[in-house]
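Visitor: Have a look at this one.
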Amino acid sequence: MNTNKEITENQTSWNQYLAGLIDGDGSLLISNTGFASLEITMDIYDEYALNKIKQKLGGSVKLRSGARAFRYRLHNKTGLLDAIHRISGNIRNSKRVPQLQKICNLYNIPYKEPVPLTIENAWFAGFFDADGTISYSMKRESPQLILSVSNKYNIDLIMFKEFFGGYIRLDKASNTYKWELYNANDISFFCDYLKKYPLHSHKKKRIFLIKRYYSLKACCAYKQEPNSLLYKAWRKFEEDWNNL
C-alpha cells in the first residue's frame, strides 16, 4: 500500500514529466477571442501516452488529419487550471515560458520561475519522450548506438549535457541542435535514470532493448555466419528494434 509520501512523490514526478513533455511537444495557446488551450502532438505510435494525460486532466485525443500523429487538446478551464498548477515552476523551454506567462496573466495566476533542475527530476524523461531519439548505425563495420535530443535552440539542451554528459552539435541538415550520447557508460547512466523516471512513449521499448544490444555487440553477433545462432539472435534483435 502506497504511503501519503509515496503518492505525493509520484504526483510530483508526473507533473515534472508533463512539463518536460509540454516543453518539447506542447503548446500553450490563447485564441483571438481570449480562450486558452493546451495542445500536445506526438507520434502515431504514442496514443497511449496521450491517453494517460487525458485520464488525469480530461481533454481529447484525436488523429491529426493528413499527419502520422495524434494530438491531445485541453481547453476546459477547470482542466486547464489544473494543468497550469501542475506544470508551474517546471516549464523551462525558451519558447514555452512566454506562452505560460501569458496564460498565467490571462487567469491572474502568479507565474513561478522554473525550479533548479536536479538528477531527481522527471522533466528529462518528459522532454526525451517529446524530442528524443534512440538509434544505431554501422560505423566502420560495427554498430554504434546513439541517444539524442533535438531542439531549435542550444540553450534548451545544455541541461542534458550538464547532467548526463555527451555532446551538443548543430545539425546543418535540419538546422537544429542535437545533444548526443555515444559512450556506453553515459548511456547506461541515462538508462538508470529512466528506471526511476520511465518514459511513456513508444521509445521505452528501445530503452528496454539496449542491454540486449550491448550483449550481442560484445559477441560480434552482427558479423557471424548467417546460419549461426548468434547471427540469428542479432537478426531477431533487429526485428524487435524495428517493431514499434
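Here, each number is a calculation from the coordinates, and none is a lab measurement. Quantities reported herein were computed from a predicted structural model and do not represent experimental measurements. Every residue, glycine among them, receives a Cβ derived from its backbone with ideal geometry; neighbour counts consider all protein chains shown.
Visitor: Relative to the longest principal axis of the C-alpha atoms of the chain, give the angle of the C-alpha long axis of helix 203-218, reported between 0 and 90° and rounded to the nearest 10°.
Guide: Approximately 20 degrees, to the nearest ten.
Visitor: Please identify every one of the chymotrypsin sites (Phe, Trp or Tyr not before Pro) in the range 96-181 that sits in a loop by DSSP and has no more than 13 other beta carbons within 10 Å of its own beta carbon.
Guide: Passing sites in the range 96-181 are Tyr107, Tyr153.
Visitor: Ranking His200, His75 by Cβ neighbours within 10 Å, fewest first, what do you get?
Guide: Going from least to most buried by this count: His75, His200.
Visitor: Using only the Cα atoms of the range 112-244, construct the convex hull and provide its projected area averaged over every direction, in square nanometres to one decimal.
Guide: Average projection, Cα convex hull of the range 112-244: 9.2 nm².
Visitor: With unit charges on the beta carbon (Lys/Arg positive, Asp/Glu negative), name the residue among Ala184, Tyr231, His200 whose Cα is farthest towards the positive pole of the charge dipole of the range 172-244.
Guide: His200
Visitor: Another question, if that's okay. Loop only by DSSP, 13 or fewer other Cβ within 10 Å of the Cβ. Give me the GluC sites (Glu not before Pro) in the range 140-187 that pass, ordered by residue number.
Guide: Here the GluC sites (Glu not before Pro) that fit, given the DSSP loop and packing criteria, are Glu141.
Visitor: Pairing the Cα long axis of helix 47-57 with the longest principal axis of the chain, what angle in degrees results, from 0 to 90 and rounded to the nearest 10?
Guide: 30 degrees
Visitor: Pop out the Kirkwood hydrodynamic radius of the chain from its pairwise C-alpha distances, inverse of mean 1/r, in Å to one decimal.
Guide: Roughly 19.5 Å, rounded to one decimal.
Visitor: Treating only the Cα positions of the range 4-106 as identical point scatterers, give the base-10 log of I(q)/I(0) from the Debye formula at each q in 0.21 Å⁻¹.
Guide: Rounded to two decimals, the profile gives -1.15.
Visitor: Run through the range 1-96 and list the chymotrypsin sites (Phe, Trp or Tyr not before Pro) located in a DSSP loop whose Cβ has at most 14 other Cβ atoms within 10 Å.
Guide: Phe35
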